[in-house]
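What follows is calculated from the coordinates using simple rules that are stated; it is not laboratory data. This one's a predicted model, so the numbers in the text were calculated from it and none came from an experiment. Methodologically, a virtual Cβ is constructed for each residue, glycine included, from the backbone with ideal geometry; neighbour enumeration extends over all protein chains shown.
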Amino acid sequence: MAKRVINMLLPLCGIGLALLVWWGASMAVPDLPSPARTWEESKIYILEPMAKRGEMDQGMARLAYYSLIRVGRGFLLGIVIATPLGFLLGVSPLLTRMFDPIMQVLRPISPLAWLPLGLVVFQKSEPAAMFAIAICSMWPTLINTAVGVRAIPQDYWNVAKVLRLSKFTTFTRIIVPATLPYMFTGYRLSLGIAWLVIVASEMLTGTPGVGGFLWQEYNSLVYAHILLAILTIGIVGFALDRLMGMAEAKLRAA
Amino acid sequence: MPFIEVSGVSKSFPIKGGTRHVLQNVSLSVEQGEFVAIVGSMGSGKSTLLSLLAGLTTPDAGTIRIGGEPLKGIRRDAAFVFQNYSLLPWLTALENVRLAVGAAFPELSRDQQRSRAQQTLEGVGLGNALARRPGQLSGGMRQRVAIARALATEPQVMFLGEPLGALDALTRESLQGELARLCGEGDGRVTTVMITNSVDEAILLSDRIVPILPGPPATLGTPIEVALPRPRSAALLAHDDEAARVRTHVIATLTAALSGTSRTRKAAAAMRQHEAESSERKATEMTIPAAEEAR
């Protein structure tokens, strides 16, 4: 009983300390709003999450929803490309050697660098954002899936050989189930990156969403809303990660 | 003509700093329906020999013929039981066996495959564990599933690679009895080659024991017939004179080869001679009093 109380109190203490630091910083820096002022100026967005007063002047839930839709599309595109490629690279050392240098060079490129390229190629901001999300978030899925395939114990390959299973059966009955945990770790990491990218891309292109809202409020000098957007981004990202984690855990238990 | 014919087979593996000659000029023949046990200690090369027989690797020299044809890869009508189960952990016991049945008999429907798998599993005593995953089964039960998986494909030849090696002594004993029953009954006995490090297991299950004499490179000793009637049980064999003779013979051969000096080989030969003489003496001793009584 006491343990449970302490377990609930400790995170609250952490949050309390963080708020103190924020308040202290807001005293020191004149432009930075204090927690109290942030709440005053932001509560309308939180208390009326589904309101739509203007293109950029919407409740937090609506804005988050737009961002999530974009993330969903880009993330799905990313994993649809990365998963089969991951399998291919996992089974073929030749292909791995062929494409490894390219992968290592493309992997560290920031979304902010991909976005202008996306705009050039696709002309419009929505497809450009989707492209940027897909190409930035695909790497963890690709790499983890390939690693998962390479990690399949020789025992299972022996089963396929000795039972003379067809290539298709080997894929569906051995490769996919054995690689599933690795794939889901990849999906979780990819989703995290996708969420990062969407904020950056919305800021650059000014499309409605949490990132777009943040940039707009910065330009309108309403700094409290920047902090509101930051907190929203963090909380939504955390929720996404948690959901993926639950899916992953369910898989391991299965 | 023997069903399995191995002639002059040699196999080496490249290792750091040279090659390891595992087998040299190994020859063996197995008749159809025969159960042959290859007995030797760990690292003696028996797994390599089994791999060659199974078609998992190819020999560097010599030929292997099964059913009259040279061996090219894994035979369609062959079944395997490995030491370490190799069951797929995300499939149930039934599904694991069905997978094998499906691959061997693709013309059967899913349901037919499933019922065949169920029958075989019931035959090894796992009728009430069909829906369990390997993780929920004990080591002995997992090995039974592996055995069921091998038998369900109705093979012509079975290769058992130390099938009971990963089990504790008690489970091993009970499964030996099961294996003896499964492999030893009926007319259409499956030709079986088993490798093991247990002489008693070999005597319980096989028709002929082939000792593998460690090298490197390893060679095969003279096969020793196990002319004991079936069905056999460990309890009966514990008191059987013939079984004891075979046991001594095999162990003597293996020990002599291990020590490798001619002195110990002579000692082993002397021991065999002594055994033969003492059993002769026992026989004559028993008749003399009878003759005296008769007078």
Most positive-pole-ward Cα, A:135, A:94, B:56, against dipole of the protein assembly as shown from beta carbon charges: A:135
Return the whole-Å distance between the Cα centroid of the range B:158-185 and the Cα centroid of the range B:11-68. 22 Å
With the crude spin-label approximation of a point 7 Å out along Cα→Cβ, what separation in nm comes out for residue A:61 versus residue A:97? 5.7 nm
Give me the inter-chain shielding for A:153-160: mean count of other chain Cβ atoms within 10 Å, whole number please. 4
Going highest first, how would you order B:206-214, A:110-118, B:246-254, B:68-76 by mean Cβ packing within 10 Å? B:206-214, B:246-254, A:110-118, B:68-76
Shielding of A:86-97 by partner chains, average beta-carbon count, 10 Å: 0
Please work out the FRET efficiency for the pair residue A:29 and residue A:112, using the Cβ-Cβ distance as r and a Förster radius of 30 Å; give the result to the nearest 0.05. 0.70
Extended-chain gain in nm, criterion 0.36 nm per residue less alpha-carbon gap, residue A:147 and residue A:124: 4.7 nm
Charge sum, other residues only, whose C-beta stays under 13 Å from residue B:13's C-beta, Lys/Arg counted +1 and Asp/Glu -1: +2
Computed about the Cα centre, the charge dipole of the protein assembly as shown from +1 Lys/Arg and -1 Asp/Glu charges at the Cβ has a magnitude in debye, to the nearest 20, of 780 debye
Rounded FRET efficiency, nearest 0.05, which uses the C-beta distance separating residue A:40 from residue A:18 and R0 of 25 Å: 0.85
Over the Cα atoms, compute the radius of gyration (one decimal) and Dmax (the largest Cα-Cα distance, rounded to a whole number) for the protein assembly as shown, in Å. 35.3, 131
Averaged over residues of A:161-168, the number of beta carbons from other chains lying within 10 Å of each residue's Cβ is 6
For the range A:114-254, take every pair of Cα atoms, bin their distances at 5 Å starting from 0, and report each bin as a whole percent. 2, 10, 14, 14, 14, 13, 10, 8, 6, 4, 3, 1, 1, 0
Difference of contour (0.36 nm per residue) and Cα-Cα distance, residue B:63 to residue B:228: 56.3 nm
Given charges of +1 on the Cβ of Lys and Arg and -1 on the Cβ of Asp and Glu, with all other atoms neutral, how large is the dipole of the range A:35-253 about its Cα centre, in debye to the nearest 20? 940 debye
What number comes out for the charge environment of residue A:198, summing +1 per Lys or Arg and -1 per Asp or Glu over other residues with Cβ under 12 Å away? 0
Tilt of helix A:223-253 relative to the longest C-alpha principal axis of chain A, in degrees (0 to 90, nearest 10)? 30 degrees
Taking every DSSP bridge whose two residues both lie in the protein assembly as shown, the antiparallel percent to the nearest 5 is 50 percent
How far is helix B:169-184 tilted off the main Cα axis of chain B, in degrees rounded to 10, range 0 to 90? 80 degrees
Can you give me the angle between helix A:111-122 and the longest principal axis of chain A, using Cα atoms only, in degrees from 0 to 90, rounded to the nearest 10? 80 degrees
Simple spin-label model, 7 Å along Cα-to-Cβ: residue A:218 to residue A:3 in nm? 4.5 nm
Would you calculate, for the protein assembly as shown, the mean residue ellipticity at 222 nm contributed by helices, counting each DSSP H stretch of 4 or more residues as -39,500 (n - 2.57) and dividing by all residues, to the nearest 500? -20500 deg cm²/dmol
Which order, highest average first, do B:189-201, A:159-171, B:143-155, B:102-114 follow once you tally other Cβ atoms within 10 Å for each residue and take the mean per peptide? B:143-155, B:189-201, A:159-171, B:102-114
Burial order of peptide ranges A:8-20, A:125-137, A:222-234 (average beta-carbon count within 10 Å, highest first): A:125-137, A:222-234, A:8-20
Contact order relative to length of the range A:35-253, as percent, for alpha carbon pairs under 8 angstrom and 6 or more apart: 27 percent
Between residue A:47 and residue B:197, with labels modelled 7 Å along Cα→Cβ, what's the label distance in nm to one decimal, could you check? 7.7 nm
Could you work out the local net charge near residue B:114, counting Lys and Arg as +1, Asp and Glu as -1, over the other residues with Cβ closer than 10 Å to its Cβ? +1
